[in-house]
Amino acid sequence: MFNSCIGLNDLPDEIPMIIFKKLNSLDVLYSFQAVNQRLNKIIQDPIFTSHLTFVKWLSHHFIDLICCDMMLNRFCLQILPSIHHKSQWLDLESSSMKYVLHAADYPNLHTLGL
């Protein structure tokens with residue numbers, strides 16, 4: 001018997017899609033954007049790009065899902081400019097709102113949650 005090693009790139013597209021659907025869209029975009037062309041294609045699916053939620057409701061208050069300036073900078077400089085035309089809904093937190101809205105034009109945006 002031999003050992004085999006299967007990586008993410010060895011799986012059919014449907015398997016990473018199933019896995020990524022279980023994760024937060026921001027985490028998927030942040031973690032897999034620019035890893036390789038195949039993963040870029042998978043994560044550019046509207047499931048991950050049409051409704052971006054930068055906040056989470058926890059016990060009577062919202063928390064910002066963008067935990068640091070480095071993460072916010074990457075979203076604003078790399079990720080949002082590459083998916084802005086697919087974004088239809090943004091849920092934002094006040095501390096990152098200005099940066100996210102100035103990162104790109106959102107021609108298909110129809111809902112903004114604050």
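For region 1-42, enumerate the residues that are within 17 Å of Leu90 (Cα to Cα) and β-branched (Val, Ile, Thr). Walk me through how you get there before you give the answer.
Residues of region 1-42 within 17 Å of Leu90 (Cα to Cα): 24-30.
Result: Val28, single match.
Conditions (1) of a type in the set (Val, Ile, Thr); (2) within 11 Å of the chain's Cα centre (by Cα), marked per residue:
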| site | (1), (2) |
| --- | --- |
| Lys22 | no, no |
| Val28 | yes, yes |
| Gln44 | no, yes |
| Thr53 | yes, yes |
| Leu72 | no, no |
| Leu77 | no, no |
| Pro81 | no, no |
| Leu92 | no, no |
| Asn108 | no, no |
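Residue-by-condition table, conditions (1) among the β-branched types (Val, Ile, Thr); (2) more than 18 Å from Ser87 (Cα to Cα); (3) crowded, with 18+ Cβ neighbours inside 10 Å:
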residue: Ala34; (1), (2), (3): no, yes, no
residue: Asn40; (1), (2), (3): no, no, no
residue: Gln44; (1), (2), (3): no, no, no
residue: Phe48; (1), (2), (3): no, no, yes
residue: Leu52; (1), (2), (3): no, no, yes
residue: His60; (1), (2), (3): no, yes, no
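Checking Thr49 against (1) at pLDDT 95 or above; (2) out of contact with any Ser or Thr (no Cβ under 9 Å at 6 or more places or on another chain); (3) β-branched (Val, Ile, Thr), which test does it fail?
(2)
Would you check if Met71 is in contact (Cβ under 8 Å) with a residue 24 or more places away in the chain and not charged (D, E, K, R)? Break it down into steps so the answer makes sense when it comes.
Values: in contact (Cβ under 8 Å) with a residue 24 or more places away in the chain: yes; not charged (D, E, K, R): yes.
Against the criterion (in contact (Cβ under 8 Å) with a residue 24 or more places away in the chain and not charged (D, E, K, R)), Met71 qualifies.
Quick one: how many residues across region 80-114 are loosely packed, with under 15 Cβ neighbours inside 10 Å, under 22 Å from Asp69 (Cα atoms) and modelled with pLDDT of 95 or more?
Qualifying residue count for the region: 3.
Is there a residue in region 2-16 that is out of contact with any Lys or Arg (no Cβ under 9 Å at 6 or more places or on another chain), exposed (fewer than 11 other Cβ atoms within 10 Å of the Cβ) and among the aliphatic types (A, V, I, L, M)?
yes
Being free of Cβ contacts under 8 Å to residues at least 60 places away in the same chain, among the aromatic types (Phe, Trp, Tyr) and not in a helix (DSSP H, G or I): is that true of Tyr106 here?
Details: free of Cβ contacts under 8 Å to residues at least 60 places away in the same chain: yes; among the aromatic types (Phe, Trp, Tyr): yes; not in a helix (DSSP H, G or I): yes.
For Tyr106, the condition - free of Cβ contacts under 8 Å to residues at least 60 places away in the same chain, among the aromatic types (Phe, Trp, Tyr) and not in a helix (DSSP H, G or I) - is met.
The values are calculated or read from the model by the stated rules, or taken from the named source; none is laboratory data. Just so we're clear, the structure is a prediction, and the values are computed from it rather than from any experiment. No Cβ is skipped: glycine too gets one built from the backbone with ideal geometry, and neighbour counts run over all protein chains shown.
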